[in-house]
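Data block below; observations after.
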Amino acid sequence: MNARAALFDLYGDHLRSRGGRASVAALVRLLAPLDIAAPAVRTAVSRMVRQGWLTPARLPRGPGYEATPKCVRRLDEAALRIYRVGTISWTGRWHMIVVEPVRERARRERLKADLSFLGYAPLSETTWIGPRPSPELDLILSGEGIHADRFDAVLDGDPRELVARLWDLRGIGSAYEEWLAQAMDLVGRLPENAADDQVFATRSRLLHGWRNFLFRDPGLPAELLPPGWPGEKARAYFEQEAAHLLPAAAAFVDRHLTEP
């Protein structure tokens, strides 16, 4: 786990509900159990400031950083998918967007990564489709200065065939099975009376592995997924263990946030 990814996980899983801010010293202490050194933390923070995810803040316990509105929206969008509540409903309609051609390769790659994160798949280089509109879409398009026409579309055909063509469900399903085996091993190696820093590290690694599916799994409704979808078993395990490990992990965070 690199420092930037660990910071995103830390802000999303713990700091977002605690005001979205922390001192530099606290960030260094909180990432130490993940074997991330202080220079790597500071470098990652500087990078996230340049990218508009964090902003400097004066805190009672020294210089720190807080999540920007852009970061808060991304964290909230991710949390809705990480800790899904209830069943994802689907109207049977598709949200289609047609973006203007982007000449610059860096902007084009950023747009591709962001739209994939939001659950869209490309029908062509400029046309993307997803099972529902994303509340973060406006932010991404305006941030890149890109115009897009949007359509509420109905497919003339079998939606499962479309899904099978646009998303690698076999690959995603295999990834879920692999993640579940690794997650069970990770949690199983945690001592029964583990210190809260060990619990925090284990839960952070569990979350990080699960969070990676936000970039692969579009969050399709059940009626568009194959029978016995392995993502459901993996999700049940993640939710069970994340909740079980949370009290000790939260105690570790609270203690280090209040240290001078």
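What number goes with the only condition from (1) at pLDDT 95 or above; (2) of a type outside the set (Phe, Trp, Tyr); (3) touching a strand residue (DSSP E or B) at 6+ places or on another chain (Cβ under 9 Å) that Arg21 does not pass?
Condition (1) is where Arg21 drops out.
Return the only residue of Arg61, Arg110 being in contact with a Pro (Cβ under 7 Å, 6 or more places away or on another chain) and either within 30 Å of Arg203 (Cα to Cα) or surrounded by 19 or more Cβ atoms within 10 Å (Cβ to Cβ) (or both).
On the way: Arg110 fails: in contact with a Pro (Cβ under 7 Å, 6 or more places away or on another chain).
Within the list Arg61, Arg110, the selection yields Arg61.
Within the range 129-167, restricting attention to residues that are surrounded by fewer than 12 Cβ atoms within 10 Å (Cβ to Cβ) and of a type in the set (D, E, K, R), which residue is nearest to the chain's Cα centre (by Cα)?
Arg165
Examine the range 74-84 for a residue that is exposed (fewer than 15 other Cβ atoms within 10 Å of the Cβ) and modelled with pLDDT of 90 or more, and state whether such a residue exists.
Checking the range 74-84: not a single residue is exposed (fewer than 15 other Cβ atoms within 10 Å of the Cβ) and modelled with pLDDT of 90 or more.
Of the residues that make up the range 5-20, is at least one over 21 Å from Phe238 (Cα atoms) and out of contact with any helix residue (DSSP H, G or I) (no Cβ under 8 Å at 6 or more places or on another chain)?
We begin by selecting, within the range 5-20, every residue over 21 Å from Phe238 (Cα atoms); these are 18-20.
If we keep only those that are out of contact with any helix residue (DSSP H, G or I) (no Cβ under 8 Å at 6 or more places or on another chain) too, we end up with 19.
Yes: the range 5-20 contains one or more residues that are over 21 Å from Phe238 (Cα atoms) and out of contact with any helix residue (DSSP H, G or I) (no Cβ under 8 Å at 6 or more places or on another chain).
With Val154, Val163, Val187 as the choices, which residue is among the aliphatic types (A, V, I, L, M), closer than 17 Å to Arg93 by Cα, in contact (Cβ under 8 Å) with a residue 40 or more places away in the chain and in contact with a helix residue (DSSP H, G or I) (Cβ under 9 Å, 6 or more places away or on another chain)? First the steps, then the outcome.
Values: Val154 fails: in contact with a helix residue (DSSP H, G or I) (Cβ under 9 Å, 6 or more places away or on another chain); Val187 fails: closer than 17 Å to Arg93 by Cα.
Just a single option satisfies the conditions, and that option is Val163.
The values are calculated or read from the model by the stated rules, or taken from the named source; none is laboratory data. All figures in this text were calculated on a predicted structure; none of them were measured in a lab. All Cβ positions, even for glycine, are placed from backbone atoms using ideal geometry, and neighbour counts span all protein chains on display.
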